[in-house]
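S.K.: Take a look at the following structure, please.
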Amino acid sequence: MGQRQLRVTADEIIRVLRSIGFIKIDQSGSHQKWRHPSTRKQTIIPYHSGDIIRPKTFKKILEGAGLSVDDFIKIRMKK
C-alpha cells in the first residue's frame with residue numbers, strides 16, 4: 001500500500017506550529033523561519049498563500065520541527 005500524501009498549505013502548517021509554541025523569528029522574501037523557544041528546533045516554511053506545499057518540502061519542514069506526519073495530523077485534528 002502506498003504512503004498517504006497530505007495536501008497542506010503553509011497556513012495550515014503555521015497554525016499547527018503556533019499551537020505547539022513555535023514563533024516566527026525571521027523572514028527573507030517568501031521564506032519564514034520558525035523556532036520553538038524551549039527546544040530550539042527550527043524550520044523554514046516557504047510561504048505562498050493558498051499554495052499546496054510539496055511532499056518533500058513538507059517532510060523537511062516536519063523534520064526541522066521535530067514532528068512526524070502522525071504528530072502533525074493529531075495536532076491538526078485537535079484544532
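S.K.: Of all residues being part of a loop (DSSP other than H, G, I, E, B) and under 15 Å from residue 56 (Cα atoms) in the range 1-18, which is modelled with the highest pLDDT? Just the residue, please.
M.R.: 8
S.K.: Determine the pairs where a residue that is farther than 23 Å from residue 78 by Cβ and part of a strand (DSSP E or B), located within the range 20-42, has a partner that is aliphatic (A, V, I, L, M) and at pLDDT 95 or above with Cβ atoms under 6 Å apart, the partner being 6 or more residues away or on another chain.
M.R.: Note: pairs meeting the criteria are 31/44; 33/25; 33/44.
S.K.: Tell me, yes or no, whether the range 57-76 has at least one residue that is in contact with a strand residue (DSSP E or B) (Cβ under 6 Å, 6 or more places away or on another chain), free of Cβ contacts under 8 Å to residues at least 40 places away in the same chain, assigned to a loop (DSSP other than H, G, I, E, B) and surrounded by 11 or more Cβ atoms within 10 Å (Cβ to Cβ).
M.R.: The answer is no, given that none of the residues of the range 57-76 is in contact with a strand residue (DSSP E or B) (Cβ under 6 Å, 6 or more places away or on another chain), free of Cβ contacts under 8 Å to residues at least 40 places away in the same chain, assigned to a loop (DSSP other than H, G, I, E, B) and surrounded by 11 or more Cβ atoms within 10 Å (Cβ to Cβ).
S.K.: Given 31, 36, which one is farther than 16 Å from residue 12 by Cβ, modelled with pLDDT of 95 or more and surrounded by 15 or more Cβ atoms within 10 Å (Cβ to Cβ)?
M.R.: Only one candidate qualifies: 36.
The values are calculated or read from the model by the stated rules, or taken from the named source; none is laboratory data. Computed from a predicted structure; not experimentally measured. Positions of Cβ are backbone-derived with ideal geometry, glycine not excepted, and every protein chain shown enters the neighbour counts.
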